[in-house]
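Peer 1: Mind looking over this structure? Questions follow.
The values are calculated or read from the model by the stated rules, or taken from the named source; none is laboratory data. Because the structure is a prediction, the values reported are computed rather than measured. For neighbour counting, all protein chains shown are included, and Cβ atoms are generated from backbone atoms with ideal geometry for every residue, glycine included. In case anyone asks, the SASA skips ligands and DNA or RNA and just uses the protein heavy atoms, side chains included. Shrake-Rupley method; radii C 1.70, N 1.55, O 1.52, S 1.80 Å.
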Amino acid sequence: MYASTVRGLLVRGMLAGLIAGLFAFAVAYVVGEPPVRGSIAVEEAQAAKDAAGAPSAHAGHGGDAASGEAAEEEEELVSRPVQSTFGLATGVLVYGVALGGIASLAFSFALGRVGGFSPRATAALTGAGAFALVYLVPFLKYPATPPAVGNPDTIGQRTTLFFLMILLSVLLGVGAIILGRRLAPRLGNWNATLAAAGGFIVATALAFAVLPDNSDAVQPGFPAALLWEFRVASLAVQLVLWAVFAIVFGVLAQRLLAARAEGAEATASAQQEAPALG
């Protein structure tokens, strides 16, 4: 019975993640694409400026042919219109489905263990916690940057640091929940929650201090307004994704668990009546 309920929640979590991904894609396309196009325009302008100022070593010796070959080599395999529509939609939807499934499993574990909250309230807490731990805390340490504005030689290091911050944030969040539950019998729920939140903030601050900064994530001279617009858009996409997921999954989970509870009550009532009929 428990396994079937978890399986049902997993399916509904993935469905909620898909629906949330559709909303997030709309926000990403409307709000996020303009600063992306702007950053690409800045990059192209800088590349053209550098190319115009650099003398060609092949001038008079097939330089035009070499330039044509280089341009062909650098030609994008996927055009920008495809990247900004089908590619963006595919990435966001897959991301939403995957995280929706993981969040539904976290919901299954948290339900009834972090207080006497209803399924909808637990879904809201799960969505808020996932947004904070998976995105907001890592974002505060390593803010999002538009494509092709940082040092390409350090992109692997920057990606590793970002995912390390996500892992640390999730582990610290889980540790804070465990700490709060253990302190609750002695301090009460409110004081235990404050103590756990304070411990999480202190531990996160230490992680921020220990981990290195991305000093070369943005090239000097990149427009600050464009960078700000991209980061706000990135934050908006994640906020919409998790808010819609929490709302949709809360409704679906509430219906599933209510139906399962009614079925269990009917089965128990039938079992109690069976001996009397016999």
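Peer 1: Search segment 253-266 for residues being open to solvent by 40 Å² or more (accessible area, probe 1.4 Å) and at pLDDT 85 or above, and hand back the single one that is farthest from the chain's Cα centre (by Cα).
Peer 2: Per the stated criteria, the residue is ARG255.
Peer 1: Here are ILE201, ILE177: which of them is open to solvent by 50 Å² or more (accessible area, probe 1.4 Å), over 21 Å from PRO147 (Cα atoms) and in contact (Cβ under 8 Å) with a residue 12 or more places away in the chain? Give the derivation first.
Peer 2: On the way: ILE201 fails: in contact (Cβ under 8 Å) with a residue 12 or more places away in the chain.
Being open to solvent by 50 Å² or more (accessible area, probe 1.4 Å), over 21 Å from PRO147 (Cα atoms) and in contact (Cβ under 8 Å) with a residue 12 or more places away in the chain holds for just one of ILE201, ILE177, which is ILE177.
Peer 1: Of the residues that sit in segment 139-150 and are touching a helix residue (DSSP H, G or I) at 6+ places or on another chain (Cβ under 6 Å) and within 24 Å of THR204 (Cβ to Cβ), which one is modelled with the lowest pLDDT? Give the derivation first.
Peer 2: Here is the first cut: in segment 139-150, the residues touching a helix residue (DSSP H, G or I) at 6+ places or on another chain (Cβ under 6 Å) are 141-144, 146, 148-149.
Going one step further and asking which of them are within 24 Å of THR204 (Cβ to Cβ), we end up with 141-144.
On the way: LYS141: 91, TYR142: 88, PRO143: 87, ALA144: 82.
Here the answer is ALA144.
Peer 1: Taking VAL31 as the residue in question, decide whether it is β-branched (Val, Ile, Thr), modelled with pLDDT under 80 and surrounded by 15 or more Cβ atoms within 10 Å (Cβ to Cβ). Spell out the reasoning first.
Peer 2: Working: β-branched (Val, Ile, Thr): yes; modelled with pLDDT under 80: no; surrounded by 15 or more Cβ atoms within 10 Å (Cβ to Cβ): yes.
Considered against the rule, which asks whether it is β-branched (Val, Ile, Thr), modelled with pLDDT under 80 and surrounded by 15 or more Cβ atoms within 10 Å (Cβ to Cβ), VAL31 comes out as no.
Peer 1: Ok, one more. Of all the residues that make up segment 184-222, how many are within 30 Å of GLU43 (Cβ to Cβ) and either at pLDDT below 85 or among the charged types (D, E, K, R) (or both)? Walk me through how you get there before you give the answer.
Peer 2: Taking segment 184-222 as the starting set, the residues that turn out to be within 30 Å of GLU43 (Cβ to Cβ) are 208, 211-222.
Going one step further and asking which of them are either at pLDDT below 85 or among the charged types (D, E, K, R) (or both), we end up with 213-222.
Count: 10.
Table: residues versus (1) out of contact with any helix residue (DSSP H, G or I) (no Cβ under 6 Å at 6 or more places or on another chain); (2) at pLDDT below 85; (3) open to solvent by less than 30 Å² (accessible area, probe 1.4 Å).
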| site | (1), (2), (3) |
| --- | --- |
| ARG120 | no, no, no |
| ALA128 | yes, no, no |
| VAL137 | no, no, yes |
| ILE155 | yes, yes, no |
| THR159 | yes, yes, no |
| MET165 | no, no, yes |
| LEU171 | yes, no, no |
| ARG182 | yes, no, no |
| ALA224 | yes, yes, no |
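Peer 1: Would you check if LEU88 is surrounded by fewer than 19 Cβ atoms within 10 Å (Cβ to Cβ), assigned to a helix (DSSP H, G or I), aliphatic (A, V, I, L, M) and touching a Leu at 6+ places or on another chain (Cβ under 7 Å)? Break it down stepwise before answering.
Peer 2: On the way: surrounded by fewer than 19 Cβ atoms within 10 Å (Cβ to Cβ): yes; assigned to a helix (DSSP H, G or I): yes; aliphatic (A, V, I, L, M): yes; touching a Leu at 6+ places or on another chain (Cβ under 7 Å): no.
Against the criterion (surrounded by fewer than 19 Cβ atoms within 10 Å (Cβ to Cβ), assigned to a helix (DSSP H, G or I), aliphatic (A, V, I, L, M) and touching a Leu at 6+ places or on another chain (Cβ under 7 Å)), LEU88 does not qualify.
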